[in-house]
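The values are calculated or read from the model by the stated rules, or taken from the named source; none is laboratory data. Predicted model, so just to flag it, every value in this text is computed and none were measured. All Cβ positions, glycine included, derive from the backbone under ideal geometry; neighbour counts span all protein chains shown. We work out accessible area using only protein heavy atoms, side chains counted, and drop any ligands, DNA or RNA first. Shrake-Rupley method; radii C 1.70, N 1.55, O 1.52, S 1.80 Å.
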There are 2 protein chains.
Amino acid sequence: MCQWWLTYVNPYILIHLLNWCEVVFMKRTHWCGELRREHVGLEVVVNGWVHALRKVGRIVFLVVRDRSGLVQAVVTPKNPNYSLVSELSLESVVAIKGVVRLRPPNQVNPEMPTGEIEIDVKEVQVLNPAKPLPLPIFDKELMKTTSETFRLKYRYLDLRRFEMLRNLTVRAKFITALREFFNANGFIEVETPYLARSTPEGARDFLVPSRLYPGKFYSLTQSPQLFKQLLMIAGFERYYQVARCFRDEDPRADRQPEFTQFDVEMSFVTAEDVMNIVEEAMRYAFKKVFNVDLENPFPKIKYREAMDKYGIDKPDLRFELFLETVTEHVRGLIPLREGDVARALRFNFSEELTKNVEGLIKEIIPSDGKVKYVYVLRGSNDVVTNEVGLAGDLIKVFNLGIGEGLVVTSGEYIKASEAIGNLRNSLGKLLGLADKNTYKFAWVVDFPLFELDEEGRLTSMHHPFTSPKLEEIPKLDTNPLEVTAQAYDLILNGYEVGGGSIRINKRELQEKILAILGLSKDEMLDRYGFLLEALEYGAPPHGGIALGLDRLVAIALGYDNIREVIAFPKTKEMTDPMTGAPSKPPEEYLREIKWIKVLTD
Amino acid sequence: MCQWWLTYVNPYILIHLLNWCEVVFMKRTHWCGELRREHVGLEVVVNGWVHALRKVGRIVFLVVRDRSGLVQAVVTPKNPNYSLVSELSLESVVAIKGVVRLRPPNQVNPEMPTGEIEIDVKEVQVLNPAKPLPLPIFDKELMKTTSETFRLKYRYLDLRRFEMLRNLTVRAKFITALREFFNANGFIEVETPYLARSTPEGARDFLVPSRLYPGKFYSLTQSPQLFKQLLMIAGFERYYQVARCFRDEDPRADRQPEFTQFDVEMSFVTAEDVMNIVEEAMRYAFKKVFNVDLENPFPKIKYREAMDKYGIDKPDLRFELFLETVTEHVRGLIPLREGDVARALRFNFSEELTKNVEGLIKEIIPSDGKVKYVYVLRGSNDVVTNEVGLAGDLIKVFNLGIGEGLVVTSGEYIKASEAIGNLRNSLGKLLGLADKNTYKFAWVVDFPLFELDEEGRLTSMHHPFTSPKLEEIPKLDTNPLEVTAQAYDLILNGYEVGGGSIRINKRELQEKILAILGLSKDEMLDRYGFLLEALEYGAPPHGGIALGLDRLVAIALGYDNIREVIAFPKTKEMTDPMTGAPSKPPEEYLREIKWIKVLTD
């Protein structure tokens, strides 16, 4: 088929060349997965990978895979390509021409969409032979015991699994649905810079040294926050963007150095307006992509209520299980410092899960000493506890029955609550209280504007551009910790999937907040001077939200791990085992950007 | 209206608070630009900016602007807000309630879509007063003389101009149309990492120091090239992405350190397949967004032919004006070194443009001495030339008539051609040969695989993953400069707007190309080891393209400057005058990433 040019080729390299020659290949007429009974009699070409190969007697059964699915092809010894085919390695790339025919009735495979037919092969081209794969991608059992790091090293093979293709396809469809919705509602997608100025928003910035201006740096944007506010000041009124965000944080299981945010901002709106349109968007996208009808409206919970009832601001609402404050019940039993509270969760468990429940408690409640805890799991024959001397008293005080568990935390209110609130979310899954097929969205509202950091300094609970409730502005001077923010978080099944607020649109108030956060006038002007100035030239009331797309799609597909819905994620350690990033660049590069010396302390 | 909470507020801060109070604002019932005769009699609320304000006698005419357009509002002295309104500064943010009424016939403004009506104002809220703007955004004449740097310093004001809103809206619509097309054709949008490993592709990488791994760096991806190839190896078959690309290049007028690419890759295709689908996409998007019918098919020009006829590989095809090779005509007149060629362009010009043509020639033809040039512009009374001693001879040799111009370059073929080819593109605009309303797309094909860099070393004309034409593989060993690539550029009106190729899908060939480019085996494995390995596990034939979205949209809207279609671009000097990026971060940040010392040479 590509002999025409062989005539003028040096015969020495001819054999070598034949290896490339097959790239003038037979092109598919059909996708593997679409062939059906109605195609019987048709001559077709499929392109794809050798998914399976078995010989029955001298007949070769080949299963060919492409993005659409699988189809069986049959090669008999009389086929001129027979010897080629019988030596084919799995995952080799092939083009196959043949005629579709019905399978004999006893070979029909009802579990395979193309299981009624097979291709009677006429011609086979091997477009690229494959070496044995290092990753057992189609062996489900072996894959379960394969480390995630190894999967990521060979991500391009891992992605061949239909599950991964499905995940990324659904992700694309979900984003498309959101774009459709926001486009239809008058929003304009605007791309904002990633190389920007360092304007810290809580996490660390990644810094990018400038080659042209030695000693100066760009920083990778943690979010488009300030640019989207500037777009509102520019009068764009309704903006969205599927934005990459970069944060240089310490490793944690579900963190990535870059992640994707569906970022929204609107002018002339209240918090209610933003929440309403985001709810609508979620209902539209979940219906369209998952055929799921979400609640209408989403429930709203006040931050204080969430902390009281659930211990955290992102409770899993798929099940009813409430925390109690039991400070007075346990006083005398558990040592309490001045101001400490005791919080308790009681639940039913089945005895075969005793070890798991105990393990979960130990895993989740921090062991940093800031929160003390005691658990009592009362089985039919024994009591499992970490405080043998206390268990009996607690069983009495709480009237704990057989098959009931109790966890009591004590310490500072927020810390004691959060420890047990996180435990509650996880217990819900372990004990089967949380229905896997339910998507329970809710808004958490009325957050405090500030909280105290580890050093006891005031820090923004969301970010410094969040507007307080206007009627509470007087308290900024007297009792800032009691000021409520016009902020709202969107939660889903125990995860925060979005956070937003009405922003400050007046310079005076913005300066006041920055001052409360400890910035001097000079620091304000240096870091945020452009924003403060912009607020004086006609900044409309505005607000918005940022939705965590990775998390949303992961939950929707039933994963705890966001890496299952990211094509090429970094490991928990922020590395890429495939390419070896981060890596040591050649010295010449470092000289070019004028960076020479690294002090590693 | 928001008095309910005033009761419990300390009267000391009450006056202060009233400033914030108005943020409980009247929300728009209509957009300014949508009000028409049919709304007469309706009470409406509009939100927006004070675009203009004039007093006629004691009546105040206020023009209010929002994203949709302008509307006139009228306030008479009997209005309780009269004194507030008459002192309003331009660009203040307001909410206005009133009744729509017909204007008196003599005040109808036919040039304003809302010019038949006005709002009889009942209530005005000042949501945010504005200080006088530093940028004269609505004074077209003053804006013409405003430096671009100053526009970018106040970009959020510059973006208030309807022209900029239009540009970014069209950009969003154009990208949406492309997404629609590719989604409908079975492509999956996949997000690939921006923080990756340095794998140089011709330009410099931006490096990002890793805080967790001191001495190691991520690099910002110059394009998703390797990731999209890995997605093909993963079996995704049809991929696209609207991808940000980062390149640390030296400043040039139309360069940005980050830009946006519409990135496409397909498996089991030939170059023709990729070109066909991209053509269809362009026809779809231009029809949908600009209502323009593009040619079908786009013409294809071979690289050699483009160089011969037009001098460059991105000729403006809106006009016919061809280069000639005149080496023999000018031999003896112009000094030629061994191997030099002389290339000529002759054209008609009108005499009032003589100075401009001369200026353009001097601006465009490089003065680095590598190309010599002579021009002769023969007017009715005089001859303008840079070589008085030659002009007469050239007029004779070329039989140059009055009103005819001639430019001859001499030097190495490519350099002499490109100098004059670039001139040709610009002359087309200056002389009015290029119709502004025509979009002339074409493909340039059959590029050489390699070219020589300044040091005379072989370098990839596109990138090292480009496949040669398979029948020319033997020439890789004997005469690599003659090997043709399976590469194609998309050009539009004298600009390259896309570049793509069929990629190498076999390890052996990829290694051969990298070796020709001068990489040792160790360097190959270190930089591209993961790609080379991936090619062995079943890499299908694949290819794709990257379209420059900024340039495409700029041309479509009639701009030479891509910054007109980017919301927050950097200046030519790669800085952001608004935020001050790049900047010197606080020392503590540099300590945290363990970078301490910068040697500035």
P(r) tail fraction, chain B - alpha-carbon pairs more than 44 Å apart, %: 38
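Which value results when the Cα radius of gyration for the protein assembly as shown is divided by 2.2 N^0.38 Å?
Working: Rg = 34.4 Å, N = 1202, 2.2 N^0.38 = 32.6 Å.
Taking the Cα Rg and dividing by 2.2 N^0.38 Å, one obtains 1.06.
In whole percent, how big is the carbon plus sulfur part of the accessible area of chain A, probe 1.4 Å, protein atoms only?
On the way: 12270 of 24360 Å².
The value for chain A is 50 percent carbon and sulfur by accessible area.
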Whole-Å distance, taken between Cα centres, linking region B:104-140 and region B:468-517: 59
Shape parameters for region B:406-553, alpha-carbon atoms, Rg then Dmax in Å: 18.4, 58
Region B:271-379, relative contact order in percent, only Cα pairs under 8 angstrom and at least six apart counted: 13
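Tell me the relative contact order for chain B as a rounded percent, counting alpha carbon contacts under 8 Å between residues six or more apart.
Numbers: 1078 pairs, mean separation 74.7, N = 601.
The value is 12 percent.
When only Cα pairs under 8 Å and 6 or more residues apart are kept, what is the percent relative contact order across region A:502-601?
Numbers: 47 pairs, mean separation 20.8, N = 100.
Averaging sequence separation for qualifying contacts and normalising by length gives 21 percent for region A:502-601.
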Nearest-first distances (nm) between copies at B:Ser89, label 7 Å from Cα via Cβ: 7.3
Label 7 Å beyond Cα on the Cβ vector: A:Lys512 copy-to-copy distances, nm: 7.4
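Just the number please: accessible area per residue for chain B, 1.4 Å probe, all protein chains included, in Å².
Details: 24290 Å² over 601 residues.
So chain B comes to 40 Å² accessible per residue, rounded to a whole number.
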Exposure of B:Leu90 as accessible area (Å², to 10), given a probe of 1.4 Å and all protein chains: 90
Charge-dipole axis of the protein assembly as shown as Lys and Arg at +1 and Asp and Glu at -1 on Cβ define it, positive-most pick from A:Pro104, A:Pro224, B:Val264: A:Pro104
Solvent-accessible area lost in complex, 30 Å² minimum, residues of region A:518-539 relative to chain alone, 1.4 Å: A:Phe530, A:Glu533, A:Glu536, A:Tyr537, A:Gly538
Environment charge at B:Leu481 (Cβ cut-off 13 Å; Lys +1, Arg +1, Asp -1, Glu -1): -2
Three semi-axes of the equivalent ellipsoid, region B:129-226, Cα gyration tensor, whole Å, largest first: 37, 25, 12
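Can you give the calculated 222 nm mean residue ellipticity of chain A, where each DSSP H run of n ≥ 4 adds -39,500 (n - 2.57) and the sum is split over every residue, rounded to the nearest 500 deg cm²/dmol? Before the final figure, lay out the partial values.
On the way: 18 runs with 174 residues, N = 601.
Taken over chain A, the calculation gives -8500 deg cm²/dmol.
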Distances in nm from A:Thr146 to the matching label points in the other copies, shortest first (labels 7 Å along Cα to Cβ): 5.8
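With both partners inside the protein assembly as shown, how many of the DSSP beta bridges are antiparallel, as a percent to the nearest 5? Intermediate results must be reported in sequence, preceding the final value.
Values: 197 of 213 bridges.
Once the DSSP bridges in the protein assembly as shown are tallied, antiparallel ones form about 90 percent.
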A:Asp435 accessible area, 1.4 Å probe, all protein chains in place, Å² to nearest 10: 80
Whole-angstrom gap from region B:402-462 to region B:145-179, using each part's C-alpha centre: 30
Heavy atoms of A:Ser198 accessible to a 1.4 Å probe, total area in Å² rounded to 10: 10
Ordering of B:399-406, A:512-519, A:277-284 by burial proxy (mean other Cβ atoms within 10 Å per residue, highest first): A:277-284, A:512-519, B:399-406
Where A meets B: accessible area buried, both sides, 1.4 Å probe, Å²: 12900
Above-threshold pairs, the threshold being 22 Å between Cα atoms, out of A:Lys362/A:Lys415; B:Lys475/B:Lys512; A:Lys572/B:Lys216; A:Lys228/A:Lys314; A:Lys27/A:Lys288; A:Lys302/A:Lys512: A:Lys228/A:Lys314; A:Lys27/A:Lys288; A:Lys302/A:Lys512
Buried on assembly, region B:101-128 (at least 10 Å² less accessible surface than by itself, 1.4 Å probe): B:Leu127, B:Asn128
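Counting DSSP beta bridges with both partners in region B:319-434, what percentage is antiparallel, nearest 5? Can you show the working numbers first?
On the way: 20 of 21 bridges.
Within region B:319-434, antiparallel bridges account for around 95 percent of the total.
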Within 10 Å of each Cβ in B:156-168, the average number of Cβ atoms from other chains: 4
Cα Rg, Dmax (largest Cα-Cα span) when computed across region A:32-128, Å: 12.0, 34
